[in-house]
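Student: Before we start, here is the structure in question, set down as structure tokens.
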Amino acid sequence: MGAQQNGSGVDLNNGGKNCSYKFLTALSRLLNDELPIPNQVGIVGYETLEYVDLRAHTYRLELIF
């Protein structure tokens with residue numbers, strides 16, 4: 001759909017005022033290297049999405065945590 005990453009089983013789209021490149025890198029490292037989960041997780045910053053329909057879809061279904 002425009003932002004999926006090769007080899008990832010789960011794609012996360014993250015955004016917000018505190019969502020820096022440093023945060024996304026740390027989150028990716030935690031999810032992919034330190035947790036015993038069976039899939040690779042692709043991390044994408046919301047502000048970097050270029051595919052308009054994906055941005056709209058993400059906005060409609062956003063989960064805040």
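The values are calculated or read from the model by the stated rules, or taken from the named source; none is laboratory data. Note that the structure is predicted; figures quoted are calculated from it, not measured. Glycine gets a Cβ as well: all are built from the backbone with ideal geometry, and neighbour counts include every protein chain shown.
Student: Quickly run through region 6-65 and pick out the residues that are among the charged types (D, E, K, R) and in contact with a strand residue (DSSP E or B) (Cβ under 7 Å, 6 or more places away or on another chain).
Tutor: Asp11
Student: Here is a follow-up. Working only within region 12-33, note down all residues that are farther than 16 Å from Tyr46 by Cβ and either of a type in the set (A, V, I, L, M) or modelled with pLDDT under 85 (or both).
Tutor: Matches in region 12-33: Ala26, Leu30, Leu31.
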